[in-house]
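What follows is a set of notes on a single structure, which appears directly below.
No value in this document is a laboratory result; all are computed from the given coordinates. Treat the numbers as computed from the prediction; the structure is a model and nothing was measured. Here Cβ is always computed from backbone atoms with ideal geometry, including for glycine, and neighbour counts include all displayed protein chains.
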Amino acid sequence: MDKLIHGIAADATVRVMAAITTETVREAVRRHDTSPTASVALGRVLTGTLLLGSSLKDFDRLTVKIESKGSVEGIVAEAIADGKVRGYIKNPLADLPQRADGSFDVRGIVGKGMFIVTRESGFDIGLHREPYIGSVPIETGEIAEDFAHYLMKSEQIPSAVLLGVLLQPEEPFVTCAGGVMIQMLPSADPNVAVMIEDTILHAPSLTAAIKEGAIPEELLKMTLGIIDYEILGEKQVKFECNCSFDRAVQLIASLGKTEVKAMLEEDNGATMTCGFCSNVYTLNENDLRKILETETL
Ligand code: ZN
């Protein structure tokens, strides 16, 4: 089971988060049938979004959106407080040959564009407040650097972000995935930042550690070295969408009577695919008739 932890370090001057997201990324790749490079890109965005949303409260929602001019066209991930994340890549087939060192050319398929973060609260209980929206141009397109760049430029938080997705040629294609995020608060000692940078520089590869069974606490230790930390919370995380047959019916109904009638007479039904999770909902003639009977438009 995937897990996300968050806490504080260096006398509460540093915020830390770490997650194992292997199952979450596997589920996203399975649902969207992504190419290898797209799988890595989507997996990194899902993991980064979970880390950035590690302290979400009930009814909070965090959305990370990449609007890209590259072949991915766009990537969206949305996390809520209970550890559920969902997301998609606009062009799941975007792909490039692996680099000589075996890494995936995520930057090559993401290209230039915007990195946009939306924080909402009270979204499900009618207490919708103005969302907070921050956006910055894509920095490298490798995703982890883009999260760090966003935190620095938009929220004035110097940070270190490590995101890893390791693939294999055979199913389930994702060997392992996870990430670490370290955020320096204004009170942080600059020496602590230097120590963390140095520890990260000399740490073994993140995915190698996860492949060998590292838990989130160990990922933090790899990043923090001798700096003390305290865990404030942990939760299980998973890929889960909130779409349903009822929501699909509501959406079809909202198209209006004329449209629904046409679906009934011309297509004898309707199908809807959820963009976030690729679930397909099929409405038969009876379902459409029911809409026409109750629809007041
Ligand atoms: Zn869905």
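For the reader, a short list of remarks on this structure follows.
- Remark: relative contact order (the chain) = 23 percent; criterion is Cα-Cα distance under 8 angstrom and separation of 6 or more residues.
- Under 5 Å, built H, 5+ apart or other chain: amide partners of T175: L166, L167, Q168
- Using a Förster distance of 51 Å, the FRET efficiency for T258-M152 (Cβ separation, nearest 0.05): 0.50
- Projected-area mean, the chain, by convex hull of Cα positions, square nanometres: 17.4 nm²
- Divided by 2.2 N^0.38 Å, where N counts the residues, the Cα radius of gyration of the stretch 16-130 comes to 1.11.
- Each residue of the stretch 217-229 was assigned a 3J(HN,Hα) from its phi angle through the Karplus expression (A = 6.51, B = -1.76, C = 1.60, θ = phi - 60°), giving 4, 6, 5, 5, 4, 4, 8, 8, x, 8, 6, 6, 9 Hz with x at Gly and Pro.
- Cross-link table K84/K261; K90/K290; K3/K65; K69/K235, entries beyond 29 Å C-alpha to C-alpha: K84/K261; K90/K290; K69/K235
- What the phi angles of the stretch 18-34 give under the Karplus curve with 6.51, -1.76 and 1.60, with θ = phi - 60°, is a coupling list of 8, 8, 9, 10, 3, 5, 4, 6, 4, 5, 5, 5, 5, 5, 9, 6, 7 Hz, glycine and proline written as x.
- Residue-wise HN-Hα couplings along the stretch 176-189, as the Karplus relation 6.51 cos²θ - 1.76 cosθ + 1.60 with θ = phi - 60° gives them from phi, are 6, 7, x, x, 9, 9, 10, 10, 8, 7, x, 7, 5, 6 Hz; Gly and Pro carry x.
- Summarising the label geometry, the points placed 7 Å from Cα in the beta-carbon direction at N286 and E67 lie 4.4 nm from one another.
- Amide H contacts of A94 (H built 1.01 Å from N, under 5 Å, at least 5 apart or other chain): S35
- Point-to-point label distance, E145-E171, nm (Cα→Cβ direction, 7 Å offset): 3.7 nm
- Segment Q250..Y132, full-extension length gain: 39.7 nm, with 0.36 nm per residue of separation and the alpha-carbon distance subtracted.
- Distant-in-sequence amide contacts of F59, defined by a placed amide H-H separation under 5 Å and a gap of 5 or more residues or a different chain, comprise A81.
- GNM remark for the chain: springs join alpha carbons under 10 Å apart, and the peak mean-square fluctuation among V192, V161, V45 falls on V192.
- Over the chain, DSSP H runs of length four or greater, each weighted -39,500 (n - 2.57), average out per residue to a 222 nm ellipticity of -9500 deg cm²/dmol.
- Taking label points 7 Å from Cα along the Cα-to-Cβ direction, S55 and N279 give a separation of 3.2 nm.
- Helix axis angle, 36-52 relative to the chain longest principal axis, alpha carbon, degrees: 70 degrees
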